[in-house]
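One structure is given below, encoded as structure tokens.
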Amino acid sequence: MTASRTRVALMGATGSIGTQTLEVLRREPEAFDLVAVSGGRRVEQLAAVATEFGVRHVGVSDESDRSRLADLVSDDVNIVVGEKGLRELCTGPDVVVNAVMGFAGLPVTLATLEAGARLALANKESLIAAAPVVAQARLTPGAQILPVDSEHCAIYQCLVGSTEPGHPDVARLLLTASGGPFRGWSRERLRGVTKSDALAHPTWSMGPKITIDSSTLMNKGLEVLEASALFGIGTDRIDVVVHPQSIVHSMVGYVDGSVLAQLSRPDMRLPIAYCLGAPERLAHHWGQLDFRTALNLQFEPPDREAFPALDLALAAAQRAGAAPAWLSAANEVCVEAFLEDRISWGEIVPLVARTMDEYVDDPLADLDAVVDNDATARRITHANLPS
Ligand code: NDP
Ligand code: MG
């Protein structure tokens, strides 16, 4: 029985997506075997996961984490370190869930695809920053990306049957957005936003970085870039629709006028389970809707004036090359600075825009160029932060 189980590696096992992936795996012990996990700073939590699931291969960030972890897990656990270690863990399993936060997830994305395995991708930053390099790695026989991000997982499901490259039968992708905690707020009112306001998302419970990205709508901007890279559809065929209930996770409008949507209550365990099990569906009811009670679904256009991050992302898509990488890197630096109380909420997007003003076209030819561009954008953004 064990031999037929799908071997899963979970990178970023201690975070929000990581923890929810573990919940799915706990329900499906017959179907999945967790063979490798990685984490960042939460070493005790990582050790508990490794012990509970009997995981034999564990990745940590540095040598001091290795010795802390070694004291907490059994002697036969193989502990690997850093980026090289992450890459090792992604070679061998059938499915790798990339639940690492930010650009640090890039080795996971590339190593999994280069190994010809299925990548269940939550880490949008790696795809956005390295789209041409990831596209090359996707050509490896057996390589496959299944998007965990709820909007993209919805689109993936609504695209089943649309098989031609570039999807000529699709008129538009309609990415839904909850609108975040500040939907309907004017520019004036947004000036007083505090950290706790920004961390209080109305419909999703997520890690801090993506929660802040959702409050600025940068998350939706990044998701437009993510959708374009995933599905090979230009951003001129992608619209953002604000849908406060987070029930319709996204839609695909076809050329005959038909619109397909995927619905559930907001619960990331549903897209995670879909990515692990596809093309089969796991028989658990994550986020099930009850149509016996009244259900109101509301849709409205985004306020692009109050939330300029969306247009900033579209401008980066237009410039292509390394522009999306710069946008994502600058945003990571600014969100971290905001979370450390170094800048205000209202400074995040203008500071990203300031970095983008300095962008010089680069075609992003290879991985070295990706790493260089990420470092340059971070350096410029750091230099613009208040000291
Ligand atoms: P969290 O911050 O909750 O978790 C991030 C995970 O990555 C943790 O396991 C963390 O380890 C690890 N990590 C962070 N930095 C590093 C690093 N430098 N090297 C190695 N590991 C690292 O984030 P989320 O789970 O919210 O998000 C993860 C990804 O999924 C992001 O790209 C996000 O955009 C995407 N996503 C998340 C959604 C959600 O609902 N949360 C929805 C859609 C997409 P540790 O905690 O031990 O330090
Ligand atoms: Mg999303």
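The condition of being hydrophobic (A, V, I, L, M, F, W, C), touching a Lys or Arg at 6+ places or on another chain (Cβ under 9 Å) and either open to solvent by 20 Å² or more (accessible area, probe 1.4 Å) or more than 15 Å from ligand 2 (Cβ to nearest atom) (or both) holds for only one of ALA306, ALA294, ALA317, that being ALA306.
A search for C-beta distances below 8 Å between a residue of the stretch 371-384 that is within 14 Å of PRO350 (Cα to Cα) and any residue that is among the polar types (S, T, N, Q), counting only pairs 6+ apart in sequence or on different chains, returns ILE380/THR355; THR381/THR355; ASN384/THR355. Of all the numbered requirements in (1) within 16 Å of ligand 2 (Cβ to nearest atom); (2) within 19 Å of LEU297 (Cβ to Cβ), SER228 misses one, and that requirement is (2). When ALA283 is tested against (1) within 13 Å of ligand 2 (Cβ to nearest atom); (2) modelled with pLDDT under 95, just one condition goes unmet, and that condition is (1).
Considering each of LEU270, LEU276 in turn, give the residue that is surrounded by 23 or more Cβ atoms within 10 Å (Cβ to Cβ) and farther than 17 Å from GLU151 by Cβ. Show your work before the answer.
On the way: LEU270 fails: farther than 17 Å from GLU151 by Cβ.
Testing whether each residue is surrounded by 23 or more Cβ atoms within 10 Å (Cβ to Cβ) and farther than 17 Å from GLU151 by Cβ leaves just LEU276.
Scanning the stretch 222-257 for residues that are away from ligand 1 (no atom under 16 Å from the Cβ), assigned to a loop (DSSP other than H, G, I, E, B) and either among the hydroxyl-bearing types (Ser, Thr, Tyr) or within 17 Å of PRO165 (Cα to Cα) (or both) gives GLY232, ILE233, GLY234, VAL255.
When residues in the stretch 238-264 are screened for being under 21 Å from ALA130 (Cα atoms) and either of a type in the set (Gly, Ala, Ser) or open to solvent by 20 Å² or more (accessible area, probe 1.4 Å) (or both), 0 of them pass. For the stretch 1-51, a tally of residues being aliphatic (A, V, I, L, M) and in a strand (DSSP E or B) returns 8. Note on the stretch 128-178: residues that are under 30 Å from HIS201 (Cα atoms), more than 13 Å from ligand 2 (Cβ to nearest atom) and surrounded by fewer than 24 Cβ atoms within 10 Å (Cβ to Cβ) total 8.
Scanning the stretch 33-48 for residues that are of a type outside the set (S, T, N, Q), within 13 Å of ligand 1 (Cβ to nearest atom) and open to solvent by 10 Å² or more (accessible area, probe 1.4 Å) gives GLY39, GLY40, ARG41, ARG42, GLU44, ALA48. Pairs linking a residue in the stretch 125-153 that is outside the structural domain of LEU367 (by TED's automatic domain parsing) and more than 16 Å from ligand 1 (Cβ to nearest atom) to a residue that is in a helix (DSSP H, G or I) and open to solvent by 20 Å² or more (accessible area, probe 1.4 Å), with Cβ atoms under 6 Å and 6 or more positions apart or on different chains, are VAL133/LEU367; ALA137/GLU114; THR140/GLU114. On the given criteria, is ARG5 in contact with a helix residue (DSSP H, G or I) (Cβ under 9 Å, 6 or more places away or on another chain) and either crowded, with 20+ Cβ neighbours inside 10 Å or without any contact (Cβ under 8 Å) to a residue 40 or more places away in the chain (or both)? So ARG5 does not fit the description; no. Of all residue pairs spaced 6 or more apart or on separate chains, those with beta-carbon atoms under 7 Å, a first member in the stretch 196-213 that is of a type in the set (A, V, I, L, M) and within 11 Å of ligand 2 (Cβ to nearest atom) and a second member that is modelled with pLDDT of 95 or more and part of a helix (DSSP H, G or I) are MET206/SER16; ILE210/ASN219.
Close Cβ contacts (under 9 Å, 6 or more residues apart or on different chains) running from residues in the stretch 79-99 that are hydroxyl-bearing (Ser, Thr, Tyr) to residues that are open to solvent by 40 Å² or more (accessible area, probe 1.4 Å) comprise THR91/GLU114; THR91/ALA115. Just one of the listed residues (PRO168, PRO93) is more than 17 Å from the chain's Cα centre (by Cα) and over 16 Å from MET11 (Cβ atoms), namely PRO168. Is it fair to say GLY192 is outside the structural domain of ASP341 (by TED's automatic domain parsing), surrounded by fewer than 16 Cβ atoms within 10 Å (Cβ to Cβ) and not hydroxyl-bearing (Ser, Thr, Tyr)? Yes; evaluated as a whole, the condition is true for this residue. Which of (1) open to solvent by 50 Å² or more (accessible area, probe 1.4 Å); (2) outside any loop (DSSP other than H, G, I, E, B) does VAL58 not meet, given it meets every other one? So the condition that VAL58 fails would be (1).
Scanning the stretch 85-98 for residues that are touching a strand residue (DSSP E or B) at 6+ places or on another chain (Cβ under 6 Å), in a loop (DSSP other than H, G, I, E, B) and open to solvent by 10 Å² or more (accessible area, probe 1.4 Å) gives PRO93, ASP94.
The values are calculated or read from the model by the stated rules, or taken from the named source; none is laboratory data. Please read these numbers as outputs of a predicted model, since none were measured by experiment. Quick reminder, even Gly has a Cβ in these numbers, built from the backbone with ideal geometry, and neighbours come from all protein chains shown. Remember, those area values only see protein heavy atoms, side chains included, never the ligands or the DNA or RNA. Shrake-Rupley method; radii C 1.70, N 1.55, O 1.52, S 1.80 Å.
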